[in-house]
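In what follows, a structure is listed as structure tokens, so that the remarks can point back to it.
The values are calculated or read from the model by the stated rules, or taken from the named source; none is laboratory data. This structure is a prediction, so every number in the text was calculated from the model and none was measured. A quick note on method: Cβ atoms are made from the backbone with ideal geometry, for glycine too, and the neighbour counts reach across all protein chains shown. Surface areas here come from the heavy atoms of the whole protein model, side chains and all, with no ligands, DNA or RNA. Shrake-Rupley method; radii C 1.70, N 1.55, O 1.52, S 1.80 Å.
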Amino acid sequence: MLLVGMALGTGWAIRGQFGHEQGAAWAGAIGSMSILLVAKRQDWFNKVFSIVLAGAIGWGVGGMMSYGMVVGYGRASDFVNVCYGLLMLFVIGGLYGFIGGGLFGLSLGNSSKKSVNWAGLIVEMVAGGIIFYYFLIEQIGWLMTPPRSEVWAVCLGMAVALTWNMIRNENYSALRVAVFSGLGGGFGFAFGNFLQVLGYVSGIKFNFWNVMEYSLGFFGGLGMAYGTFTSKWEKSEDIPPKTSQLFPLLIVVLVIPFIVWQQSFETKRIEEMLTKINELQTNNLLSKAVEWGSLVIIVAMGLLFLYKFYIKKANPISYNFGEIRHLFIILLGVYIILSFLITGAFLSVYRIEQYLYVLNLLALSFLLNLTQPIFSEVDINYKKWSINLAAVIILIAIFSLIAINTHSDLKGAHQRFSTETKQF
């Protein structure tokens, strides 16, 4: 569980430089792959790209949601606004994890004996997202973070549709993964904002926003791993045809990284970053080297994986632990390299958290070899889940009380409720 938490936490912290759906999808792919490496199941190795793509899309969907204002509520100085902010971060992080863990869990259990109707599921989730957004936002007017986007309602509708699909088709193992992944992601986001506030108040020169991002991924990874290793998964004898892995392979190793590059490595952003570091006129040659060198790295990685994991392979296709481990190390390593390039960490140590990503990668590269998976089947207990949810909400309220007693007004603080509402 700790290794999966480290993997998804590192990916999510790196995602902070890139944002949106594509950055979250890359992090989700890394977290999903780490579970396969810990589990060491051959039937899961054989369909690695299908599983990883499902996890990437699931975690990436939540990238649509806006949370900048909500983080600001957590920096306020009164209990109502702070508690509201942390609870809404719990909802947002929970939606990240629930959809990510749910699609990942469904892909784990997908086989010829019990196949997932992906087309039908997508239609249901899209319809659920539209319906919930229309009624919650347009009709009822339940705004979480005005004047920002309220796409959280779309994700909530998608999560409800996903839940109903899993229950209706008796995919209870996938449901467990979704619930614990959502619980971990939600708690991690709220707790991370609490840590961010304490870190800012402490005066320590560190990127505590990145700590918050790592917290979301770390606890989300813990939850996704716990849900996976405490659920029952039938052993599949299916050996997928070679063609079944081509599309997900291309999306995971080429399309998602390319969109990250296209959306992040803009000339203007790179020049502003280099100017800030050098405090001189931007070196145009260096700027172009960063911009186009990053694309060369992505294309080279994509072509390498296409050759190694598809062209070179026989039909039907099969993969082993060593191959997946190399895939994981390179995919995470390239994500770290891109983070170094876009932040200028290759020129300056002003972003010290960047070097911690490398330490995480080194630790994971070594420790993933040593894991021995233990699966244990635990029944769904809705009463226990409800008690645990209540306990987390109480804990978040305690975090809020502690936070407001450590500071007055902070830079970047926002208020969702007026003074009159707070007094009431």
Exactly one of Ser339, Ser376, Ser400 is over 24 Å from Val71 (Cβ atoms) and touching a helix residue (DSSP H, G or I) at 6+ places or on another chain (Cβ under 8 Å), and that one is Ser376
Output for Cβ contacts, cut-off 8 Å, separation at least six or different chains, first residue farther than 19 Å from Gly31 by Cβ in the range 349-363, second among the hydroxyl-bearing types (Ser, Thr, Tyr), reads Val349/Tyr355; Arg351/Thr343; Gln354/Ser339; Gln354/Thr343
If a residue must be more than 14 Å from the chain's Cα centre (by Cα), of a type in the set (A, V, I, L, M, F, W, C), crowded, with 24+ Cβ neighbours inside 10 Å and assigned to a helix (DSSP H, G or I), how many such residues does the range 51-79 contain? 3
Going by what's in this entry, would Ile99 be described as open to solvent by 20 Å² or more (accessible area, probe 1.4 Å) and part of a helix (DSSP H, G or I)? no
Look at Trp261 and say whether it is in contact with a Leu (Cβ under 9 Å, 6 or more places away or on another chain) and modelled with pLDDT of 90 or more. yes
Which numbered condition trips up Val255, out of (1) open to solvent by 40 Å² or more (accessible area, probe 1.4 Å); (2) farther than 30 Å from Phe49 by Cα? (2)
Within the range 21-29, does at least one residue satisfy the condition of being of a type in the set (Gly, Ala, Ser) and over 9 Å from the mean Cα position of the chain (by Cα)? no
Assuming Phe206 fulfils every condition listed in (1) of a type in the set (Phe, Trp, Tyr); (2) out of contact with any Ser or Thr (no Cβ under 8 Å at 6 or more places or on another chain); (3) assigned to a helix (DSSP H, G or I) apart from one, which condition is it? (3)
What's the total number of residues in the range 112-160 that are among the aliphatic types (A, V, I, L, M), assigned to a helix (DSSP H, G or I) and either touching a residue at least 40 places away in the same chain (Cβ under 8 Å) or within 16 Å of Ile57 (Cα to Cα) (or both)? 10
